[in-house]
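Enquirer: Have a look at the structure that comes next, please.
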Amino acid sequence: MGTKFDFFFTMSTNSFRRTLFPCFLLLCVVPPAFAQESAAQLSGKVVTAAGQPVEYASVVLKSTRHGAVADGKGAYLLPAPAGEYTLVVSAMGYKSVEQPLSLRGRQTLRVTLEADERELDEVTVVGKSAVRQVNESAFNVVAIDAKPLHNTSMSLTHALDRISGVKIRETGGVGSRTQVALNGFSGRHIKMFMDGMPMEGFGGSFQLNNIPVSLAERIEVYKGVAPVELGADALGGAVNIVTRQLNNTYVDASYSYGSFNTHRSSLSAGHTAKSGLTLQLNAYQNYSDNSYRVKTQLLDVETGVYSREKYWVRRFHDNYHNEAVVARAGVVRKAWADRLLLSVTLSQEKADIQNANLMTIVYGGRERRARSAIPSLHYEKRNLIVPNLRLSLTATYSISRNSNLDTLARQYSWSGVYRQKSSKGEGSYSTSETDNSNFNATANLRYRWGAHYLTLNNLFSDFSRKATDAAANAETATAATFMRRTNAKNVAGLSYKLQPSDRWSALAFAKRYDVLVRGPINISTTSTTVYEEQERSFSTEGYGLGATCRLLPSLQLKASFEKSYRLPSESELFGDESLETGSAGLKPENSRNLNFNLCYNNALSKAHAVYLDLGLIYRDTKDYIRRQIEQRYGGAYYANHGQVRNFGFDVEARYFYRRAFSAGGNFTFQDIRNMEQYAVGGRKLIYYKDRMPNVPYLFGNADATYSLYDLAGKGSVLSVGYNMRYIHAFFLAWESEGGDITIPTQLSHDLTLTLSLRNGRYHIAAEAKNIADEMLYDNYSLQKPGRSFMLKIRYFFFT
């Protein structure tokens, strides 16, 4: 333990000396020079006549450069010199308000806006919401508003699947293992965050594949270059889930039932008192038999021979259930804290394992279990000491216990028939239990003066895994079982942004990466494994640039570059104790990433609007970590793979007609190829410049929605939606080595019907997925569910 903390102290000191100290010095020197700029501030809330918040209203002091945009809860904060002003508050769909203001010291003001009926049925380019602000940054980023998806039964992964350049790869039905693929990179190449904190250590029972989309306010997808605020050592990009943070009283409850005996329910409730005390509760559960049909070869358990033909069979050992509770308590709107929240997340899951990573290898008794507890603390303060200085501190500590049970001395066929084996375990006998602990701490400091923005961020994480006790692992223990497995890393980042106007901005940033890994390494040169506990460290720097410019009011150009590093994840280093084997000797990946974007967003008239986006990417990656499938037993393992190059593009187009109709789609092409010409021994590789196997390179989505208002009474909305997904065929193995096995071309269609009543208080939604009952695969031979139906009811109360 001392070695790890010595390492952390050393790398933290180095990071502070090289990166943080100059920034803190600058922050200490610069603010006093500008402190006289704003000696007063106005804060408050913009609401409707019914008292509901007006999102993203514009709050400005007329004929000055001082202004602010209210957040998603209607709250605003406007620093300005003391004086006499005219306050102007406006928002789309509401009548503007002007009133005299005598600003002295710290004042609060609640502003009420009346609805403008003339604008309610017009298409307008909306104000600068949080979603739009993210989309218009210099990064190659897409942010989507999750609120329109709250009436669906989808998880966060299925919401991501609708974003251009993103492909979700699932191994089965509800609760199955999921990978996010983004512009040719997938799995651990893409870093997942929730409210800016890494999700790597959250445990399998609290991940994107089982969290309902109703927990999110928006989803941000950074393609390649990610801001220093995330502290990401991402290679292919990053996904940040921004959860709902409503500063009022609300209740949101829903229940869904559907095919394969699938049940989903969720509850969100919160209350913020006038004193600033805030309480929030989120709870959800998922259950499914996952008893859908698959088409596969059958094993004759007596002869050990597989049938040549494929037959339709029903999954018989794939039950899944998952429960989670997230409780938060704290204070908001205090002089010493804008937000101070203490939260605890408790979750658990139990999943039967029906098959290996190859569909033909079937199980009848294997299962995995997971439980986790995640306490966290978040502190946020704007105008800390001086105006425009913002501090954010977040810390989480995750404790999870994972069990992998494989004890039956049986070999199963898909028909449900089995034979007795002489040895225990359907795959590899296991009664193992492991405890994972993960500590994350993020500190973010941001200062703005005039057109200049300076941001400093530091993320430290410390992961460890150990076997729980000798008794649980006694029968299957090896020399490596009780060896320590730890992964400590620190990512420090500093960025500077110049934004003299809304027309253009530019930024530059630098990152410092430090990592220390300890774990079992196979040092044997023969087929017999000999493990030795070893320790390895790595330190380096990365950097990047970005810029954006408005060529026209409705046309934006963006470009960004980064030299980035991606440190191996816990599962790649140490496996998942089930179907995947880790390698503690993996080297970090490094890449040069280049992005270009051209975006057109315009209201052609009061009735029609269009949105177009074209993105180009280039990646030159070395020591690429590739996931491979072991063919005999269906396990997976990881290895570094020399050099990989990726060039691609994605296109998104959308059309809006008033509030009644919208249609759009996206299309992605990515040409990711092996650029390693020679093997370690000098042999020329036949698959030089081949496409990387088992990676989709051509896919897209299309959707359309039509809505009718007040059809079922005033305040009602009836919406009909359609969604299509397309994936072109791709090779499982290297094409030049004669690989003729492909994951076939797939086309699926979904329909939704949603009825909202009483201005959004009551909702009923019906969904039909894969209505053509196509055979769908994200991974070779691992078939996904066929046609399915789901009915959802939801109640939402908000004051």
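Enquirer: Any idea which of SER164, SER176, SER214 is touching a Gly at 6+ places or on another chain (Cβ under 8 Å) and among the hydroxyl-bearing types (Ser, Thr, Tyr)? Step through it out loud before you land on a result.
Expert: On the way: SER176 fails: touching a Gly at 6+ places or on another chain (Cβ under 8 Å); SER214 fails: touching a Gly at 6+ places or on another chain (Cβ under 8 Å).
Result: SER164 is the single residue among SER164, SER176, SER214 that is touching a Gly at 6+ places or on another chain (Cβ under 8 Å) and among the hydroxyl-bearing types (Ser, Thr, Tyr).
Conditions tested, residue by residue: (1) among the polar types (S, T, N, Q); (2) open to solvent by less than 60 Å² (accessible area, probe 1.4 Å).
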{"site": "SER505", "(1), (2)": "yes, yes"}
{"site": "PHE509", "(1), (2)": "no, yes"}
{"site": "ILE521", "(1), (2)": "no, yes"}
{"site": "LEU552", "(1), (2)": "no, no"}
{"site": "GLN556", "(1), (2)": "yes, yes"}
{"site": "ALA559", "(1), (2)": "no, yes"}
{"site": "TYR565", "(1), (2)": "no, yes"}
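Enquirer: So which of LEU346, LEU281 is assigned to a strand (DSSP E or B) and surrounded by fewer than 17 Cβ atoms within 10 Å (Cβ to Cβ)?
Expert: On the way: LEU346 fails: surrounded by fewer than 17 Cβ atoms within 10 Å (Cβ to Cβ).
Of the residues listed, the single one that is assigned to a strand (DSSP E or B) and surrounded by fewer than 17 Cβ atoms within 10 Å (Cβ to Cβ) is LEU281.
Enquirer: I need the full set of residues from segment 48-102 which are closer than 22 Å to ARG659 by Cα, among the β-branched types (Val, Ile, Thr) and either in contact with a helix residue (DSSP H, G or I) (Cβ under 9 Å, 6 or more places away or on another chain) or surrounded by fewer than 19 Cβ atoms within 10 Å (Cβ to Cβ) (or both), in order please.
Expert: THR48
Enquirer: Given LYS95, LYS128, which one is at pLDDT below 55 and among the basic types (Lys, Arg)?
Expert: Details: LYS95 fails: at pLDDT below 55.
It is LYS128.
Enquirer: How many residues does segment 350-362 hold that are open to solvent by less than 10 Å² (accessible area, probe 1.4 Å) and either of a type in the set (Gly, Ala, Ser) or closer than 13 Å to GLY204 by Cα (or both)?
Expert: Residues meeting the conditions: 2.
Enquirer: Could you check, for segment 334-342, whether at least one of its residues is outside any strand (DSSP E or B), in contact (Cβ under 8 Å) with a residue 40 or more places away in the chain and under 23 Å from HIS271 (Cβ atoms)? Talk me through it step by step, then tell me what you get.
Expert: Initial filter on segment 334-342 (outside any strand (DSSP E or B)): 335-336.
Applying the additional criterion that residues be in contact (Cβ under 8 Å) with a residue 40 or more places away in the chain yields 336.
This time we only want the ones that are under 23 Å from HIS271 (Cβ atoms), so: 336.
Yes, some residue in segment 334-342 is outside any strand (DSSP E or B), in contact (Cβ under 8 Å) with a residue 40 or more places away in the chain and under 23 Å from HIS271 (Cβ atoms).
Enquirer: Also, I was wondering about something else. Do we have ARG761 as at pLDDT 90 or above and touching a helix residue (DSSP H, G or I) at 6+ places or on another chain (Cβ under 9 Å) here? I'd like the intermediate steps shown before the answer.
Expert: Details: at pLDDT 90 or above: yes; touching a helix residue (DSSP H, G or I) at 6+ places or on another chain (Cβ under 9 Å): no.
Answer is no for this residue.
Enquirer: If you don't mind, another one. Sort out which residues of segment 716-756 are farther than 14 Å from LEU791 by Cα and in contact with a Gly (Cβ under 7 Å, 6 or more places away or on another chain), and write them in order of number.
Expert: Hits for segment 716-756 are TYR726, PHE731, LEU732, ALA733.
Enquirer: Any residue at all in segment 271-278 that's out of contact with any Pro (no Cβ under 7 Å at 6 or more places or on another chain), within 30 Å of SER756 (Cα to Cα) and β-branched (Val, Ile, Thr)?
Expert: Taking segment 271-278 and keeping what is out of contact with any Pro (no Cβ under 7 Å at 6 or more places or on another chain), we get 271-278.
Those still in the list that are within 30 Å of SER756 (Cα to Cα) too: 271-273, 278.
Within this subset, residues satisfying the condition of being β-branched (Val, Ile, Thr) are 272, 278.
Among the residues of segment 271-278, at least one is out of contact with any Pro (no Cβ under 7 Å at 6 or more places or on another chain), within 30 Å of SER756 (Cα to Cα) and β-branched (Val, Ile, Thr), which makes the answer yes.
Enquirer: Looking only at residues in segment 284-297 that are over 25 Å from the mean Cα position of the chain (by Cα) and over 18 Å from ASP773 (Cβ atoms), which one is least open to solvent (accessible area, probe 1.4 Å)?
Expert: In the first step, residues of segment 284-297 are kept if they are over 25 Å from the mean Cα position of the chain (by Cα); the result is 289, 291-297.
Filter once more, so that each one left must be over 18 Å from ASP773 (Cβ atoms): 289, 297.
Values: ASP289: 39, GLN297: 56 Å².
Only one residue tops the list, namely ASP289.
Enquirer: Taking into account only those residues within segment 432-449 that are over 29 Å from VAL386 (Cβ atoms) and touching a helix residue (DSSP H, G or I) at 6+ places or on another chain (Cβ under 6 Å), which is least open to solvent (accessible area, probe 1.4 Å)?
Expert: First pass over segment 432-449, keeping only residues over 29 Å from VAL386 (Cβ atoms): 432-439.
From what's left, touching a helix residue (DSSP H, G or I) at 6+ places or on another chain (Cβ under 6 Å): 432-433.
Values: SER432: 13, GLU433: 50 Å².
Ranking the qualifying residues of segment 432-449, first place goes to SER432.
Enquirer: Can you name the condition, by its number, that VAL180 falls short on among (1) touching a residue at least 60 places away in the same chain (Cβ under 8 Å); (2) surrounded by 24 or more Cβ atoms within 10 Å (Cβ to Cβ); (3) closer than 29 Å to LYS295 by Cα?
Expert: Every listed condition holds for VAL180 apart from (1).
Enquirer: Another question, then. Please verify whether LYS497 is assigned by TED's automatic domain parsing to the domain that holds THR442 and either within 30 Å of GLY201 (Cα to Cα) or modelled with pLDDT under 90 (or both), treating the condition exactly as stated. Talk me through it step by step, then tell me what you get.
Expert: Working: assigned by TED's automatic domain parsing to the domain that holds THR442: yes; either within 30 Å of GLY201 (Cα to Cα) or modelled with pLDDT under 90 (or both): no.
No: the conditions fail for LYS497.
Enquirer: Let me ask something else. Considering only residues that are part of a strand (DSSP E or B), over 16 Å from ARG691 (Cα atoms) and at pLDDT below 85, which ones fall in segment 606-627? Explain how you work it out, then say what you get.
Expert: Filtering segment 606-627 for residues part of a strand (DSSP E or B) gives 608-627.
Next, only the ones that are over 16 Å from ARG691 (Cα atoms) stay: 608-617, 623.
If the condition is that a residue be part of a strand (DSSP E or B), over 16 Å from ARG691 (Cα atoms) and at pLDDT below 85, then ASP623 is the only one that fits.
Enquirer: What strands (runs of 3 or more DSSP E) completely inside segment 173-274 contain at least 1 residues that are assigned by TED's automatic domain parsing to the domain that holds LEU342 and at pLDDT below 85?
Expert: Details: elements: 178-182, 190-194, 216-223, 237-243, 250-258, 262-272.
In segment 173-274, 178-182, 190-194, 216-223, 237-243 are the strands (runs of 3 or more DSSP E) which contain 1 or more residues that are assigned by TED's automatic domain parsing to the domain that holds LEU342 and at pLDDT below 85.
Enquirer: A further question on this structure: Suppose we filter LEU753, LEU747 for residues that are free of Cβ contacts under 8 Å to residues at least 40 places away in the same chain, surrounded by fewer than 16 Cβ atoms within 10 Å (Cβ to Cβ) and either over 23 Å from GLY700 (Cα atoms) or in contact with a Ser or Thr (Cβ under 9 Å, 6 or more places away or on another chain) (or both); which single one remains? I'd like the intermediate steps shown before the answer.
Expert: Numbers: LEU747 fails: either over 23 Å from GLY700 (Cα atoms) or in contact with a Ser or Thr (Cβ under 9 Å, 6 or more places away or on another chain) (or both).
None of the others qualify; the one that does is LEU753.
Enquirer: With the requirement that a residue be modelled with pLDDT of 85 or more and among the charged types (D, E, K, R), what does segment 505-525 give you? Talk me through it step by step, then tell me what you get.
Expert: The first filter runs over segment 505-525 and keeps only residues modelled with pLDDT of 85 or more, leaving 505-516.
Matches in segment 505-525: LYS511, ARG512, ASP514.
Enquirer: Of (1) among the aromatic types (Phe, Trp, Tyr); (2) in contact with a His (Cβ under 9 Å, 6 or more places away or on another chain); (3) more than 22 Å from ILE771 (Cβ to Cβ), TYR722 satisfies all except one. Which?
Expert: If we test TYR722 against (1) among the aromatic types (Phe, Trp, Tyr); (2) in contact with a His (Cβ under 9 Å, 6 or more places away or on another chain); (3) more than 22 Å from ILE771 (Cβ to Cβ), just (3) comes out false.
Enquirer: Surrounded by fewer than 21 Cβ atoms within 10 Å (Cβ to Cβ) and touching a residue at least 24 places away in the same chain (Cβ under 8 Å): is that true of HIS263 in this structure? Lay out the reasoning, then the answer.
Expert: On the way: surrounded by fewer than 21 Cβ atoms within 10 Å (Cβ to Cβ): yes; touching a residue at least 24 places away in the same chain (Cβ under 8 Å): yes.
Yes.
Enquirer: Please determine, by comparing only the residues of segment 551-605 that are modelled with pLDDT under 75 and assigned to a strand (DSSP E or B), which one is nearest to LYS350 (Cα to Cα).
Expert: For segment 551-605, the residue satisfying everything is GLU580.
The values are calculated or read from the model by the stated rules, or taken from the named source; none is laboratory data. Keep in mind it's a predicted model, so treat the numbers as computed, not measured. Every residue, glycine among them, receives a Cβ derived from its backbone with ideal geometry; neighbour counts consider all protein chains shown. Side chains are part of the model used for accessible areas, which takes the heavy atoms of the whole protein and leaves out ligands, DNA and RNA. Shrake-Rupley method; radii C 1.70, N 1.55, O 1.52, S 1.80 Å.
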